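See structure below.
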Amino acid sequence: MNKKVQIAISACLLGEKVRYDAKILPAFDKNSVLKQLNIAEDEVEFISFCPEVGIGLGVPRAKIQVIRNKQQKIRVLGVENHTLDVTTELESYAQNFFKQHPDIFAYLVKSKSPSCGYASTPLFDDSEKHAQQISITSGLFVQTILKIKPQILVIDIKC
Ligand code: SF4
């Protein structure tokens with residue numbers, strides 16, 4: 001039997017209750033992406049992941065954001081409280097996920113997320129009150145995966 005193509009997918013895109021606000025997204029149309037990739041559904045094994053739940057944050061949970069601090073370092077901190085710092089945890093989760101799933105062909109990721117977004121996530125400055133968006137970046141899970149394997153296919157899914 002041929003081995004299936006492994007595609008990792010943000011769990012919230014599959015309608016799983018993992019978001020910070022506990023809302024369930026309508027499950028997105030996987031077939032349109034598979035068509036673009038020229039892969040039939042029965043040839044694919046989807047592997048769902050949620051970095052934020054994976055590091056032990058609850059549902060619902062405090063909202064987090066990607067920040068460039070005064071030392072020009074990227075951190076992922078609580079929006080309301082910068083003492084919530086999950087940077088190291090998200091990096092470790094991504095490294096472990098990659099180690100456990102080295103054969104993944106593509107990542108389908110939820111747009112704009114501080115963990116999962118790909119070139120769609122707001123990047124903020126370091127002020128706790130009235131932080132300003134300074135640019136667009138990727139979520140830290142995706143940034144970490146791309147550091148390990150820069151050529152991996154990542155598709156940002158807007159929904
Ligand atoms: S975008 Fe990523 S971290 Fe956020 S709920 Fe979806 S899977 Fe979890």
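Going by the conditions given, is K110 over 14 Å from the mean Cα position of the chain (by Cα) and either free of Cβ contacts under 8 Å to residues at least 60 places away in the same chain or within 15 Å of the ligand (Cβ to nearest atom) (or both)?
Details: over 14 Å from the mean Cα position of the chain (by Cα): no; either free of Cβ contacts under 8 Å to residues at least 60 places away in the same chain or within 15 Å of the ligand (Cβ to nearest atom) (or both): yes.
In short, no.
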- prompt: Among the residues of the range 15-56, which ones are of a type in the set (V, I, T) and closer than 17 Å to D156 by Cβ?
  reply: V33
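Restricting attention to the range 104-139, which residues are of a type outside the set (A, V, I, L, M, F, W, C) and within 20 Å of K30 (Cα to Cα)? Write out each step before concluding.
Keep residues of the range 104-139 that are of a type outside the set (A, V, I, L, M, F, W, C), which gives 107, 110-115, 117-118, 120-122, 125-130, 132-133, 135, 137-139.
If the condition is that a residue be of a type outside the set (A, V, I, L, M, F, W, C) and within 20 Å of K30 (Cα to Cα), then Y107, K110, S111, K112, S113, G117, Y118, S120 are the ones that fit.
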task: Of the numbered conditions (1) closer than 24 Å to K23 by Cβ; (2) modelled with pLDDT under 95, H82 fails exactly one; give the number of that condition.
output: (1)
- prompt: Of the numbered conditions (1) free of Cβ contacts under 8 Å to residues at least 40 places away in the same chain; (2) among the small types (G, A, S); (3) in contact with a helix residue (DSSP H, G or I) (Cβ under 7 Å, 6 or more places away or on another chain), S115 satisfies every one except a single condition; which is it?
  reply: (1)
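The values are calculated or read from the model by the stated rules, or taken from the named source; none is laboratory data. As the structure is a prediction and not an experimental result, all values here were calculated from the model. Here the Cβ is made from the backbone with ideal geometry for all residues, glycine too, and neighbour counts use every protein chain on show.
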